[in-house]
Amino acid sequence: MWPGSDRPSFPPPPAGRAVPSLGPFAELLGQPYQRLKVAVLRHLAALPEPSWSLADASRGLTWLEPATANRLLSELRGDGLVVEVDRYGQPDRPPAWRLSDEGHLVASVCAVLAAPATAPERAVKVLAAAMALARAAGVEERATFAPFVAATAVLERDLAGLHRLIDKGNDTALAAAAEVAATHLADLGEMARQVARPGGHEAERERAAAVAGRLHALLEEIQAAPEGGPTEDLRQLVAATDPVELAGLVAGRLQLPPAVAPVRAAAALAALDAHLGRPEPVLVPLPEPTLLPIESPEVVPDFVLLAADVMAWLAGLGETELARWVVGGTWAEATARMAAVVEAWSRWGPAGDASLAAELDPRPRLEVVGHDEVGVISWTGVRAPQVELAAERPVVIDLTDESESTRQEVAT
């Protein structure tokens, strides 16, 4: 048995008899037994007579054993690929056999696929033939249009290959590749005329037109180039230019490699003697350790403690006011001192532990602000604990008030 087949195995062909080549198509068949059936089908399609007897067909398969040939012919009959010739009106003629229409079609396609290799310039032409065959056989539309997409991919590869050869400066290979690309471009035009009907595959058609346009423009540039190409012209220019002039052209942009100036042997030996004659290096002892001066960091007093001390000092002066210390400097400094006073009063005043040696005596007060207005402010006095102020601060009266009571007070 052949591997994976439920049919009986056959002995290998006799020595010296080679099975017809199936080319790349053999890889698609998988099992060797199926390859033999395709090879027999191809052989029958190539016979000079359209019909034949099974005995004559079996004897023509010289690369198979007779039993193997008869078995394969019998299976092709069972598959409907080998049919009996209709002898209508000729009953006295012996029976004969021929390939069915499907058998001829399969054999023709297999013959194309059995080619060892397809020439590069025939790639698009073969795809065009495959598309025409698919349309004639009534294959599904997407499968019929697939060769056109494959031909577009061939032109894209031609375009990339031409650019690569131009970058390399290979003029000979560029000319050959341009000739193949021109053939592909013409064959794609024939394919486009086959499918030039409205509706469907618009994206594929536009892509093919764009690729064909770019390839056509590049081929025109290559064909318009002078004989030998730009690389050959550059070689001729370099060969015809004086070396000194050529060096002057590139001297400013050429970075010379690092080099060592030539030195005479006597000078090198003298420099070596001078180097070896130097005194031996002397070890220098490490310096003695020295204590570095250490300065204590500046002690920043607590501003709240400072406010408490200032209030105690103001209370010892007698009758005074808190503004004597708070007011002054910038606004930020004054607000900072006032905040420290409030914090000290909260900690050590009557609301705190009552250890502050001063008391604050806030009182409302009127004071003229400007000429036409009266402002209300507060006046805070500082005194020693349990000591009343000697006298209250005078009350400032707004003289701009023209009422009768105000005039009487002023007169008094």
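Please count how many residues of segment 40-55 are touching a His at 6+ places or on another chain (Cβ under 8 Å) and either open to solvent by 70 Å² or more (accessible area, probe 1.4 Å) or of a type in the set (Asp, Glu) (or both).
The total comes to 0.
If you go through segment 83-111, how many residues are open to solvent by 90 Å² or more (accessible area, probe 1.4 Å) and either touching a Phe, Trp or Tyr at 6+ places or on another chain (Cβ under 7 Å) or modelled with pLDDT under 75 (or both)?
4
Consider residue 366 against the criteria (1) part of a loop (DSSP other than H, G, I, E, B); (2) at pLDDT below 80; (3) open to solvent by 70 Å² or more (accessible area, probe 1.4 Å): it satisfies all of them except one. Which criterion is unmet?
Looking at each condition in turn, residue 366 falls short on (1).
Within segment 249-264, is there a residue that is modelled with pLDDT of 80 or more and either in contact with a Pro (Cβ under 6 Å, 6 or more places away or on another chain) or open to solvent by 60 Å² or more (accessible area, probe 1.4 Å) (or both)?
For segment 249-264, residues modelled with pLDDT of 80 or more and either in contact with a Pro (Cβ under 6 Å, 6 or more places away or on another chain) or open to solvent by 60 Å² or more (accessible area, probe 1.4 Å) (or both): absent.
Before we move on, is residue 268 modelled with pLDDT of 80 or more, within 60 Å of the chain's Cα centre (by Cα) and open to solvent by less than 100 Å² (accessible area, probe 1.4 Å)?
Taking the combined requirement at face value, the residue satisfies it.
What is the residue count in segment 69-122 for residues that are assigned to a loop (DSSP other than H, G, I, E, B), in contact with a strand residue (DSSP E or B) (Cβ under 9 Å, 6 or more places away or on another chain) and within 22 Å of residue 136 (Cβ to Cβ)?
Final tally of qualifying residues: 2.
Would you mind stating whether residue 195 is closer than 26 Å to residue 110 by Cα, touching a Lys or Arg at 6+ places or on another chain (Cβ under 8 Å) and surrounded by 13 or more Cβ atoms within 10 Å (Cβ to Cβ)?
Numbers: closer than 26 Å to residue 110 by Cα: yes; touching a Lys or Arg at 6+ places or on another chain (Cβ under 8 Å): yes; surrounded by 13 or more Cβ atoms within 10 Å (Cβ to Cβ): yes.
For residue 195, the condition - closer than 26 Å to residue 110 by Cα, touching a Lys or Arg at 6+ places or on another chain (Cβ under 8 Å) and surrounded by 13 or more Cβ atoms within 10 Å (Cβ to Cβ) - is met.
Restricting to segment 62-77, give me the number of residues that are open to solvent by 70 Å² or more (accessible area, probe 1.4 Å) and within 21 Å of residue 106 (Cβ to Cβ).
Residues flagged as open to solvent by 70 Å² or more (accessible area, probe 1.4 Å) and within 21 Å of residue 106 (Cβ to Cβ) within segment 62-77 amount to 3.
Residues of segment 112-133 being farther than 22 Å from residue 148 by Cβ, of a type in the set (A, V, I, L, M) and open to solvent by 40 Å² or more (accessible area, probe 1.4 Å), which ones?
Let us first name the residues in segment 112-133 that are farther than 22 Å from residue 148 by Cβ, namely 114, 116-117.
Subsequent filtering for residues that are of a type in the set (A, V, I, L, M) retains 114, 117.
Within segment 112-133, just 117 meets the criteria.
Of 59, 142, which residue is more than 30 Å from residue 195 (Cα to Cα) and surrounded by fewer than 16 Cβ atoms within 10 Å (Cβ to Cβ)?
The conditions single out 59.
The values are calculated or read from the model by the stated rules, or taken from the named source; none is laboratory data. Note that this is a predicted model, so its numbers are computed, not measured. When we count neighbours, we look across all protein chains shown, and the Cβ atoms used for this are built from the backbone with ideal geometry, even at glycine. Accessible surface areas use protein heavy atoms only, side chains included; no ligands, DNA or RNA. Shrake-Rupley method; radii C 1.70, N 1.55, O 1.52, S 1.80 Å.
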